[in-house]
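The values are calculated or read from the model by the stated rules, or taken from the named source; none is laboratory data. Given the structure is predicted, the values throughout are model-derived calculations rather than measurements. All Cβ positions, even for glycine, are placed from backbone atoms using ideal geometry, and neighbour counts span all protein chains on display.
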Amino acid sequence: MDDFLDSVLNYLGYETFTKWFLSEGIWAIFLILFIFIVWFIFHKFARPKISTLAIKLKNRDETRDVGIFVSMLDTKAFDTSVLIFLLSIMSVGLLSIIGINVSPVSSYFQDKSVSIFSWLFSEGIIIIIMILAIWWIVRIIERIFPRVVTTFVMSRSEYGEHEESEKRATTLSRVFTGGAQIIVIVSGLFMILSKLSIPVGPVLAGFGVVGIAVGFGAQHLIRDLISGIFVIAENQYRTGDVVTIAGTSGLVEDINLRRTILRDLEGTVHVVPNGEIAVSANRTKNYSRVVLDVGVAYKENLERVIMILNQIGNEISADPVIGLNIIKAPQVLRIQSLDDSCITIRILGDCKPMKQWNLRSELIRRIKARFDIEGIEIPFPHQTIYWGDDQPRLTIQEKSTTKTKKNKVKNSKEDLTPEAIEQILAEFALAKRGSLWNDQDLDE
């Protein structure tokens, strides 16, 4: 090991390690410490400042776009780039301190830097401006399109359709914004390729061939896109509606040209391709309706029951809280049917979208409470189990007589004590003996 170290020192032109350390080694250590301190300051102080500045800029509407641009520096890729740059400087410095000729490397980097700077100030700056322009246009579309679409849709909405118009505006703004951004990005990409002297014609031809190949294998995707266009154009349902599509019911959380995302009552998310939608049932478009069937006993006065149900509907419509969601007070529509154990009466009422379930629950609660007060019976099914009887059937009078006798015998049995039973038996024996004596006297 000592021989190897001596040979290295002799190669560098030094007799001892101390002389090399005092002349060049201390500078190598200083360089390593300097690079480490620079990286530590950047990672512990500069990087958090960049993150805080990006958050502050994004929280303000006036500087939100600048904040998004600054947030690009708050990434691991930027950290890695800075680390590689510092390690490259340290490597070149250490090689120079050791005595290795780094002039070819420095001259290479110098030539490349000159060529890069010359390209940047000639064509590169134009490409950078194009990239920034594309980025700004995408950001402007993201901020302007929703406002324009919302203003246009709301201006064409009629009185009382504010919530419905907002749902449609949200759906259309998402679709139009995404489509416009894709068009801008693709157009800008072709412009940058042409500026880089890359022929765009073969690229477009390649896209055409790929498109044909993909078209044969992506027929379902094309069907989904076409179905999505008609769903949005015909305003079948919007974001925020409760629908039933492809056998699945839920709240529409998002919709685009390819798929619809539903979330059911249990919180499960269903992704339904638009091409699978044959029939769509929208339960919350423009208004909703509550339909409730109430069964009452045959003995009840129907006119009185109908009057009470209409009163309940008017009361719930006049409620200061629930009544705000009611468009038409729930009233009796008709006598629906004569069932096995009850007469069914149907109630019908209109309300704002997605309020029919709350209205139905409150209506049931008030009907039950009012029927209890009014003494109106709500029948429910009964069952009687008959085990059979071997004796012949009795008439009503026979049944009542038999029942009376059984009760008397039962009561008499319950009243007899052991002493009473002995007395009865004694009286019976004496009576029997007396009857025998009388018979003998008559024979004589």
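Among the residues of the range 21-38, some residue qualifies, meaning at least one is surrounded by 12 or more Cβ atoms within 10 Å (Cβ to Cβ), at pLDDT 75 or above and under 49 Å from the mean Cα position of the chain (by Cα). Within the range 297-306, the set of residues being exposed (fewer than 12 other Cβ atoms within 10 Å of the Cβ) and of a type in the set (A, V, I, L, M, F, W, C) is empty. Selection within the range 279-296: residues that are assigned to a strand (DSSP E or B), touching a helix residue (DSSP H, G or I) at 6+ places or on another chain (Cβ under 7 Å) and not aliphatic (A, V, I, L, M). The member of this set that is surrounded by the most Cβ atoms within 10 Å (Cβ to Cβ) is Ser288.
In the range 320-337 there is no residue matching the filter, namely being assigned to a helix (DSSP H, G or I), at pLDDT 85 or above, aliphatic (A, V, I, L, M) and touching a Gly at 6+ places or on another chain (Cβ under 8 Å). Applying the set (1) in contact with a strand residue (DSSP E or B) (Cβ under 6 Å, 6 or more places away or on another chain); (2) at pLDDT below 85 to Val243 leaves exactly one unmet item: (2).
Every residue, every condition in (1) under 30 Å from Pro381 (Cα atoms); (2) modelled with pLDDT under 85; (3) of a type in the set (Phe, Trp, Tyr); (4) in contact with a Pro (Cβ under 8 Å, 6 or more places away or on another chain), yes or no:
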residue	(1), (2), (3), (4)
Gly217	no, yes, no, no
Ile229	no, yes, no, no
Gln236	no, yes, no, no
Leu262	no, no, no, no
Gly267	no, no, no, no
His270	no, no, no, no
Glu276	no, no, no, no
Asn286	no, yes, no, yes
Ala318	no, no, no, no
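Keeping to the range 252-269, report how many residues are farther than 18 Å from Leu221 by Cα, buried (at least 17 other Cβ atoms within 10 Å of the Cβ) and of a type outside the set (Val, Ile, Thr). Residues meeting the conditions: 1.
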